[in-house]
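Enquirer: One structure is given below, represented as structure tokens, and several questions about it will come after.
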Amino acid sequence: MELERLIRDFLVRSRRDLRAQLEAKYGLDPDEIDEILDRMIHRVYGPALSLAESLKHGRVALFIEREGCPVCRDAAPEFERFLEDHPDFSCIRLEYSKPEGLIYHILHQEESGRLPLVALISDGTVLMLETGGARAFEEYERSEKCEGLCEVRAPGKSGGHRV
């Protein structure tokens, strides 16, 4: 899955959905709606879109959670283990309620979903994406996608940062 395509699809879908809502509710003309749409999308999703753009380079393990979420808490150790074993991935850990956390909707374009969202992104390609847990890390490590790409480090070494 290419991140560029996900961003483009998200923007097209968001504009279409918001346009329909604004036309139905306010009866605005198309030119007015375009201006409003651009401002609304930038205001709400600007930080998430900027983050998505920055993920087009490098290797990132992304974990989006919500404070107090028991499933997120249970999935975190598997995420941390993956990072310890694969120092070639930088860590980005986000709170869903923060503006950057809305990248969830860019990556997971379904009507409904669950937290946490975990994703591995390499140079703008989404290698793995899962919602509702972190079981997919083991599956990813066994897959051909990981062959030759994942450096393994001795347990106990950690890296990454929180956003």
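Enquirer: Using a 1.4 Å probe on the protein heavy atoms, what percent of the accessible area of the chain belongs to carbon and sulfur? Kindly include the intermediate steps, with their values, before the conclusion.
Expert: Numbers: 4580 of 9240 Å².
That fraction is 50 percent.
Enquirer: How compact and how long is the range 1-97, expressed as Rg and Dmax of its alpha-carbon atoms in Å?
Expert: Both quantities, over Cα of the range 1-97: 17.8, 55 Å.
Enquirer: If I fit a long axis through the Cα atoms of helix 70-85 and take the longest principal axis of the Cα atoms of the chain, what angle between them do I get, 0 to 90°, rounded to 10?
Expert: So the helix axis and the longest Cα principal axis differ by about 60 degrees.
Enquirer: Here's a follow-up. On a 0 to 90° scale, report how tilted helix 3-26 is relative to the longest principal axis of the chain, with both axes built from alpha carbons and the result rounded to the nearest 10.
Expert: Relative to the chain, helix 3-26 is tipped by roughly 30 degrees.
Enquirer: If you take the square roots of the eigenvalues of the alpha-carbon gyration tensor of the range 34-81 and sort them as a ≥ b ≥ c, do you get rounded (a/c under 1.5), prolate (a/b over b/c) or oblate?
Expert: Judged from the Cα gyration tensor, the range 34-81 comes out oblate (a/c at least 1.5, b/c at or above a/b).
Enquirer: May I pose another question? Starting from the Cα gyration tensor of the chain, multiply each eigenvalue by 5, take the square root, and state the resulting semi-axes largest first in whole Å.
Expert: 34, 16, 13
Enquirer: Would you mind working out the accessible area per residue for the range 52-148, using a 1.4 Å probe, and quoting it in Å²?
Expert: Here the residues of the range 52-148 average 47 Å² of exposed surface.
Enquirer: Nearest 500 deg cm²/dmol is fine: what mean residue ellipticity at 222 nm does the chain get from its DSSP H runs of n ≥ 4 alone, each adding -39,500 (n - 2.57), divided by its residue count?
Expert: Result for the chain: -15500 deg cm²/dmol, rounded to the nearest 500.
Enquirer: A further question follows. Helix 30-54 against the longest principal axis of the chain: what's the angle in degrees, Cα atoms only, rounded to the nearest 10?
Expert: The two axes meet at around 10 degrees.
The values are calculated or read from the model by the stated rules, or taken from the named source; none is laboratory data. What you are looking at is a predicted structure, and each value in this text was computed from that prediction instead of being measured. Just the protein is used for accessible areas: all its heavy atoms, side chains included, with ligands, DNA and RNA removed. Shrake-Rupley method; radii C 1.70, N 1.55, O 1.52, S 1.80 Å.
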